[in-house]
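Read through the structure below, which is laid out as structure tokens, and then see the notes.
The values are calculated or read from the model by the stated rules, or taken from the named source; none is laboratory data. Remember, it's a predicted structure, so these values are computed and weren't measured experimentally. Positions of Cβ are generated from backbone atoms using ideal geometry, with glycine treated the same way; all protein chains shown enter the neighbour counts.
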Amino acid sequence: MMQPLLSAAELGPLMTSGQVSLLDVRSGPDARHQYEAGHLAGAQFVDLETDLAEKTANPAHGGRHPLPAPAQFGQLLGRLGITPATHVVVYDDKQGANAAARLWWMLRALGHEAVQVLNGGWQAAQAAKLPTAAGPEHALGAAPYPAAAWQLPLATADEVQRLLQTPGNVVIDAREARRYRGEVEPIDLVAGHIPGAVNVPFAENLDSNGYFLSAEQLRQKYQPLLAAEAVVHCGSGVTACHTLLAMAQAGLPLPKLYVGSWSEWSRSGRPLATGEV
């Protein structure tokens, strides 16, 4: 299986040869406008809110970014022209910390092995002066991608609560430390964290220039936490995928992803905690 990260220097020849399908997953209110103003040549736009999540009326059941049904995601991939043989490279403008890592996880969860995230994201692509284009882009469509079920492990809120009752198990909260401690909460209704969860902010996967730490550094960081059963979560199951991406780059087995994350847990009437523990 190919490494989950690739550099801008490695991507350039793939673009020249036309051997890669590029997906731009920048997010935010102006994401599509930013994409149409300039993106990597040939890249198609994928929307975190409408393509990579199936919104529910009540975030207490599934959180703010619940996964779409696998078959629905498979239809999207077909429209993007992606087949099981396609080499896919995804990027965002947050060093893979947002929708790029989520899309990487979703493809891997369908069993797709040839998917990589651009290390350093859109900023690295610009610094390397990779070819860009403006306006929308569309690939020739393909049949819906075969997608019967998610093949990577997932956890529910009940499973998280059960897991924390057994010593040695770990629930990793990938949000920034201030949100974990309950000092600020810019998105969800209640501040704090799941009692017993440990805080390992996803931003600590990166160096001062916004690139992922080396595989060995990431291995030293996460291997001690994976001695028993583990779950990773964040605010809504998006940036937690950044931590899973880091673990994969380190060559470690992927723990379960709790997609509902704090956005679901904090609305569910379950116990809450603040402070360092």
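Condition first: among the basic types (Lys, Arg) and more than 20 Å from the chain's Cα centre (by Cα). Can you find one or more residues in the range 98-106 that meet it? Step through it out loud before you land on a result.
From the range 98-106, those among the basic types (Lys, Arg) are 102; that's our starting set.
Next, only the ones that are more than 20 Å from the chain's Cα centre (by Cα) stay: none.
So far as the range 98-106 goes, no, none of its residues is among the basic types (Lys, Arg) and more than 20 Å from the chain's Cα centre (by Cα).
Take Tyr91 and tell me if it is modelled with pLDDT of 95 or more, among the hydroxyl-bearing types (Ser, Thr, Tyr) and over 24 Å from Ser208 (Cα atoms).
So Tyr91 fails the test.
Hey, among the residues in the range 84-133 that are of a type in the set (S, T, N, Q) and in contact with a Ser or Thr (Cβ under 6 Å, 6 or more places away or on another chain), which one's surrounded by the fewest Cβ atoms within 10 Å (Cβ to Cβ)?
So in the range 84-133, the residues of a type in the set (S, T, N, Q) come out as 86, 95, 98, 116, 119, 123, 126, 132.
With the extra rule that they be in contact with a Ser or Thr (Cβ under 6 Å, 6 or more places away or on another chain), the set shrinks to 86, 98, 119.
Working: Thr86: 19, Asn98: 23, Asn119: 23.
Checking each candidate, the answer is Thr86.
Can you find a residue in the range 140-153 that is within 24 Å of Tyr35 (Cα to Cα) and either crowded, with 24+ Cβ neighbours inside 10 Å or not small (Gly, Ala, Ser) (or both)?
Yes, the conditions are met somewhere in the range 140-153.
For the range 22-30, indicate whether the set of residues that are touching a residue at least 40 places away in the same chain (Cβ under 8 Å) and closer than 21 Å to Leu152 by Cβ is non-empty. Even if it seems obvious, please write down each step before you answer.
Within the range 22-30, the subset touching a residue at least 40 places away in the same chain (Cβ under 8 Å) is 22-27.
Restricting the remaining residues to those that are closer than 21 Å to Leu152 by Cβ gives 23, 25.
Yes, that holds for at least one residue.
With the requirement that a residue be under 20 Å from the mean Cα position of the chain (by Cα), among the charged types (D, E, K, R) and outside any helix (DSSP H, G or I), what does the range 155-200 give you?
Once the filter is applied, which keeps residues that are under 20 Å from the mean Cα position of the chain (by Cα), among the charged types (D, E, K, R) and outside any helix (DSSP H, G or I), the range 155-200 yields Asp173, Arg175, Glu176, Asp188.
Given the conditions (1) out of contact with any strand residue (DSSP E or B) (no Cβ under 6 Å at 6 or more places or on another chain); (2) buried (at least 21 other Cβ atoms within 10 Å of the Cβ); (3) of a type outside the set (Ser, Thr, Tyr), and given that Gly12 satisfies all but one, which numbered condition is not satisfied?
(2)
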